[in-house]
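The values are calculated or read from the model by the stated rules, or taken from the named source; none is laboratory data. Quick caveat, the model's predicted, so the values are computed rather than measured. Virtual Cβ from ideal backbone geometry, glycine too; neighbours counted across all protein chains shown.
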Amino acid sequence: MPASVHLVIPCFQESGRIGPFLAELCEVTRELGDVTIRIVEDGSDDPETDRMRAIIAPLREKHPHLLEPLFMPDNLGKGGAVYTGWNMEKDADWLGFVDADGSCSATEVTHLVGRAREQLTPHTALFASRLSQFGKQVHRQWKRRFIGHVFGSLVSTLLHIRIHDSQCGLKLVPRSAYERIAPALRIHGFAFDVELLAALHDAGVPFLEIPIAWFETPGGHVHLIRDSWRMARDVWRIKMNQQRRHA
């Protein structure tokens, strides 16, 4: 049997963008088999929650592997939503997440799942990467591209981990590895991916960056100065936590 995969889609005010992507993802993962999907709605307001229910309900009737969604009463942050979904799944061989907006296509998700299933025993985390390599097209706002470069430089300089794209919204982690590092994961906001990467690195879990195509979907909100400052602050916190663990 193929390795089982549990995918979490963290959402906050995403009803205007998730519909077509979720429908396509349900179709292609049904063909793969042994993939489950769970929406974690991260504290959106009541009208947004109602819209999300209206999108999810008919898809669940057709696709049993789209599990009962979680509607969080408070906003936990993207990482908090992802980890809440992961913590509910006790059996899957792989735990993953994918952004709700469809910038990463459902086809790219299936490709990453295929790469995971090439491992006879899950041992290497797989991080999708927005690198224009191997014929992959990448279309991103200049602000997001700039922030990505800033993040990459901070991770390399402060954490001594070489990675081109720590923030891409598609990742798969062996469940056994996640269970080992979960107690060390404290950051639930914008930089949770970096803390996840650092914890895997400290635990000796290797990772691979897999280039994917990326076509940015309009509607996201990026503030160049504010988000760059938050990144620097959070990466510094990760470094301090790392040093305390090693003291």
Just wondering, is there one or more residues in region 57-75 that are touching a Lys or Arg at 6+ places or on another chain (Cβ under 6 Å) and hydrophobic (A, V, I, L, M, F, W, C)?
yes
Please specify each residue of region 73-99 satisfying the condition of being among the small types (Gly, Ala, Ser) and closer than 24 Å to Pro2 by Cβ.
Gly85, Ala92, Gly96
If you take just the helices (runs of 4 or more DSSP H) that sit entirely in region 1-112, which of them hold at least 2 residues that are in contact with a Ser or Thr (Cβ under 7 Å, 6 or more places away or on another chain) and closer than 21 Å to Thr217 by Cβ?
15-32, 46-62
Does any residue of region 117-129 turn out to be in a helix (DSSP H, G or I) and either within 21 Å of Leu185 (Cα to Cα) or not polar (S, T, N, Q) (or both)?
yes
If you take the residues of region 100-116 that are touching an Asp or Glu at 6+ places or on another chain (Cβ under 9 Å) and not polar (S, T, N, Q), which of them is farthest from Val35 (Cα to Cα)?
Asp101
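The rows are residues; the columns are (1) among the aromatic types (Phe, Trp, Tyr); (2) assigned to a helix (DSSP H, G or I); (3) crowded, with 20+ Cβ neighbours inside 10 Å; (4) modelled with pLDDT of 85 or more.
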site	(1), (2), (3), (4)
Phe146	yes, yes, no, no
Phe151	yes, yes, yes, no
Ile161	no, no, no, yes
Ser166	no, no, yes, yes
Lys171	no, no, yes, yes
Ser176	no, yes, no, yes
Glu179	no, yes, no, yes
Ile187	no, no, yes, yes
Phe190	yes, no, no, no
State yes or no: is Glu89 in contact with a Lys or Arg (Cβ under 9 Å, 6 or more places away or on another chain), exposed (fewer than 15 other Cβ atoms within 10 Å of the Cβ) and touching a residue at least 12 places away in the same chain (Cβ under 8 Å)?
no
Kindly evaluate Phe21 against the criterion of being aromatic (Phe, Trp, Tyr), touching a residue at least 12 places away in the same chain (Cβ under 8 Å), touching an Asp or Glu at 6+ places or on another chain (Cβ under 9 Å) and over 23 Å from Ala191 (Cα atoms).
yes
Top-ranked residue of region 15-25 - restricted to ones that are at pLDDT 95 or above and closer than 20 Å to Ala81 by Cα, ranked as surrounded by the fewest Cβ atoms within 10 Å (Cβ to Cβ)
Gly19
Quick check, is Val35 of a type in the set (Val, Ile, Thr) and under 19 Å from Gln167 (Cβ atoms)?
no
Across region 97-127, which residue is surrounded by the fewest Cβ atoms within 10 Å (Cβ to Cβ) among those that are within 18 Å of Val173 (Cα to Cα), in contact with a helix residue (DSSP H, G or I) (Cβ under 8 Å, 6 or more places away or on another chain) and modelled with pLDDT under 95?
His123
Only one of Gly77, Gly33 is surrounded by 17 or more Cβ atoms within 10 Å (Cβ to Cβ), out of contact with any strand residue (DSSP E or B) (no Cβ under 7 Å at 6 or more places or on another chain), on the phi > 0 side of the Ramachandran plot and modelled with pLDDT under 95; which?
Gly77
